[in-house]
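Visitor: Below: one structure in structure tokens.
The values are calculated or read from the model by the stated rules, or taken from the named source; none is laboratory data. These numbers were taken from a predicted model, which means no experiment stands behind them. Please note: Cβ atoms are built from the backbone with ideal geometry, for glycine as well, and neighbour counts cover all protein chains shown. Note: areas computed on protein heavy atoms with side chains; ligands, DNA, RNA excluded. Shrake-Rupley method; radii C 1.70, N 1.55, O 1.52, S 1.80 Å.
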Amino acid sequence: MTISRADCLALDADDPLRRFRDEFVLPDGTVYLVGNSLGALSRTAAAATARVVAEEWGGQLVGGWNASGWFDLPLTTGDRLAPLIGAGPGQVVVGDTTSIAIVKAVSAALRLRPERRVIVSDTANFPTDRYVVQGLVGSLGGYEIRDIDGPDALDAALSDDVACVLLSEVDYRTGARLDTAEVTARVRGAGALMIWDLCHSAGAYQVDVAEADFAVGCTYKYLNGGPGAPAFLYANPRHHADAESILTGWHGHAAPFAFEPAYRPAEGVRRFSVGTPHVLSFAPLNASLDIWERVDMAQVRAKSVALTSLFIDLVEESCAPYGLELVSPRDPERRGSQVSFRHPDGYPVMRALIDRGVHGDFRAPDLLRFGFAPLYIGFADVHDAATALAEVLGKELWRDERYRRRLAVT
Ligand SMILES: *Cc1c(COP(=O)(O)O)cnc(C)c1O
């Protein structure tokens, strides 16, 4: 390969983010390129969680709601997360899942545009994004989903009956990244509301929600909040007085402990809280946010571009004869922190690769996905991953029968 492993180790030695790698637990002999699916465990998460369990739950019991600020966790954690997506204090609430956050954002958008009956969604949107909108439309009645095939079809879809548009900034399959400011301006120019799914953006680089109406995302991918960590929802302040989601739970009530018979929304973004927050799940997320507070996002983006570009170069150089096709945009500006290749035997190829310690994942029907979390992935990891992939393909190690049987989670 044109760049040697020693060159990569030199790049790692010069990397200003290098020190963060030691703040994560990564098993020996593993190159973990799945931080875009489940981020790595931070070193402080276990103790932080044990402390919440033993001291707060064990020591304070129900008093923890006041004494340890459990009741406000969705907002206090939202304020900590907000800078990562370009939002301000009081604009982000954390809780539930991304699927549920989409229900909240879309239902609120529909109520803000009552005379418009169309929701524009992309066929490339993550399936749950599509499913929950289908469920919402099915139960509300009188609404229509207009599916587009890619952002180029957006303008033609933006008629004056469109209430809102739901898109992902980064495509979970290809890693292609949209220009959110430009798309948001087009959507708002057509009188519709813009809802962004930031699942593959938050923590991959500095996001800017800017003029967006709503944004949602998960915290267990690049943000390292842990499996099942709560999602976030951003609501632009211009909607704080009027937006109401369909999920009018007591934690979004103006006076939850007045136990009034009728729902009244809380002031501000708190109205998007639904029920009791998953207190224990906030502990590892807040431990991870302690790290994020010290991270320079410009360095994260620069390293992410360097890692993904190097991986593309090395794989194309060493795997050229083996039928891999780059699916991610070649222009780093148009790419998130992920690289995807297509291979007709993608599933057994990925299984064989994982057996050699290089963890990516597979997305049907034929995509090999590799996520590059800049806080803990280095240049030597990229070299090792490309070398292992070339070996799996060159020696046809993937033809082994045991790699063909599909596991439940891919
Ligand atoms: C990961 C992901 C989700 C996950 O939603 P959950 O409700 O947390 O399971 C949703 N949308 C996108 C785009 C994702 O990448």
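Visitor: Using the Karplus equation 6.51 cos²θ - 1.76 cosθ + 1.60 (θ = phi - 60°), what ³J(HN,Hα) coupling, rounded to whole Hz, does each residue of region 289-301 give in order, writing x for Gly and Pro?
Guide: 5, 4, 6, 4, 4, 9, 9, 8, 5, 5, 5, 4, 5
Visitor: Solvent-accessible area per residue for region 34-108 at a 1.4 Å probe radius, Å²?
Guide: Per residue, region 34-108 has an accessible area of 40 Å².
Visitor: With no solvent and one point on each alpha carbon, what is the Debye value of log10 I(q)/I(0) for region 84-214 at q = 0.14, 0.20 Å⁻¹?
Guide: -0.57, -1.25
Visitor: What fraction, in whole percent, of alpha-carbon pairs in region 47-292 exceed 26 Å separation?
Guide: Distances greater than 26 Å cover 37 percent of the Cα pairs.
Visitor: Let me spell out the model: positive unit charges on the Cβ of Lys and Arg, negative unit charges on the Cβ of Asp and Glu, origin at the Cα centre of the chain. What dipole size does that give, in debye rounded to 20?
Guide: In debye, rounded to 20, the chain gives about 720.
Visitor: A further question on this structure: By how many degrees, 0 to 90 and rounded to 10, does the Cα axis of helix 346-355 deviate from the longest principal axis of the chain?
Guide: 80
Visitor: Here is a follow-up. Check VAL327: other-chain or 5+ apart residues with amide H under 5 Å from its amide H, H built from backbone geometry?
Guide: SER340, PHE341, ARG342
Visitor: Which whole number in µm²/s is D for region 187-322 by Stokes-Einstein, with the Kirkwood Rh taken over Cα pairs at 37 °C and 0.692 mPa s?
Guide: For these conditions, the coefficient is 184 µm²/s.
Visitor: Could I get the Rg over Rh figure for region 295-410? Both from C-alpha atoms, Rh via Kirkwood, rounded to two places.
Guide: 0.97
Visitor: In whole Å, what is the distance between the alpha-carbon centres of region 147-175 and region 188-264?
Guide: 19
Visitor: Quick one: dipole size for region 47-292, taken about the Cα centre, charges +1 on Lys/Arg Cβ and -1 on Asp/Glu Cβ, in debye to the nearest 20.
Guide: 420
Visitor: Top mean-square fluctuation among GLY217, GLY378, GLY29, Gaussian network model of the chain, C-alpha springs under 10 Å?
Guide: The residue with the greatest mean-square fluctuation here is GLY29.
Visitor: Now for a different question. Please give me the summed charge of the neighbours of ARG116: other residues whose Cβ is under 9 Å from its Cβ, Lys and Arg +1, Asp and Glu -1.
Guide: Local charge sum for ARG116: -1.
Visitor: Another question about this same structure. Mind checking the dipole of region 149-255: about its Cα centre, +1 per Lys or Arg Cβ, -1 per Asp or Glu Cβ, Debye to the nearest 20?
Guide: With Lys and Arg at +1 and Asp and Glu at -1, about 460 debye.
Visitor: If you count the DSSP beta bridges with both ends in region 47-292, what percent of them are antiparallel, to the nearest 5?
Guide: The antiparallel fraction comes to roughly 35 percent.
Visitor: Using just the alpha carbons, could you tell me how many Å³ per residue the convex hull of region 35-86 encloses?
Guide: 101
Visitor: For region 47-292, what's the relative contact order in percent, using C-alpha pairs closer than 8 Å and at least 6 residues apart?
Guide: 24
Visitor: Relative contact order (percent) for the chain, with alpha-carbon contacts under 8 angstrom and 6 or more residues of separation?
Guide: Relative contact order, the chain: 22 percent.
Visitor: What would the Debye formula give as log10 I(q)/I(0) at q = 0.19, 0.23, 0.24 Å⁻¹ for the alpha-carbon point model of region 273-328, no solvent?
Guide: Relative scattering, expressed as log10 I(q)/I(0), comes to -0.78, -0.90, -0.94.
Visitor: Another question, if that's okay. For region 64-78, take each phi angle, set θ = phi - 60°, evaluate the Karplus expression 6.51 cos²θ - 1.76 cosθ + 1.60, and give the result in whole Hz per residue in order, putting x for glycine and proline.
Guide: Ordered by residue, 3J(HN,Hα) equals x, 4, 8, 5, 10, x, 4, 4, 8, 3, x, 8, 5, 5, x Hz.
Visitor: Bin width 5 Å, origin at 0, all Cα-Cα pairs of region 1-143: what percent of pairs per bin?
Guide: 2, 7, 9, 12, 14, 14, 12, 11, 9, 6, 3, 2, 0
Visitor: Report the Cα centroid-to-centroid distance between region 74-131 and region 297-373 in angstrom, as an integer.
Guide: For region 74-131 versus region 297-373, the Cα centre distance is 29 Å.
Visitor: Using a cut-off of 13 Å between beta-carbons, work out the net charge of the residues near ALA243 (Lys and Arg +1, Asp and Glu -1, ALA243 not included).
Guide: Charge balance near ALA243 sits at +2.
Visitor: Another one. Report for the chain the percent antiparallel among DSSP-assigned beta bridges with both residues inside it, nearest 5.
Guide: Antiparallel bridges make up about 50 percent of those DSSP assigns within the chain.
Visitor: Please list, in order along region 376-388, the HN-Hα scalar couplings obtained from phi with the Karplus expression 6.51 cos²θ - 1.76 cosθ + 1.60 (θ = phi - 60°), rounded to whole Hz, x for Gly and Pro.
Guide: The phi angles translate into 9, 9, x, 5, 5, 4, 4, 5, 4, 5, 5, 5, 5 Hz.
Visitor: Can you give me the long-range amide H partners of VAL358? Hydrogens built in the peptide plane at 1.01 Å from N, cutoff under 5 Å, separation of 5 or more residues or another chain.
Guide: Distant-sequence amide H within range of VAL358: VAL31.
Visitor: Related question: Most fluctuating residue of GLY59, GLY360, GLY175 in a GNM of the chain with Cα springs under 10 Å: which is it?
Guide: GLY59
Visitor: Cα-based Rg of the chain per 2.2 N^0.38 Å, rounded to two decimals?
Guide: Here the answer is 1.02, to two decimals.
Visitor: Next question. Between ARG117, ARG146, ARG19, where does the largest GNM mean-square fluctuation fall for the chain, given springs only between Cα atoms within less than 10 Å?
Guide: The residue that fluctuates most here is ARG19.
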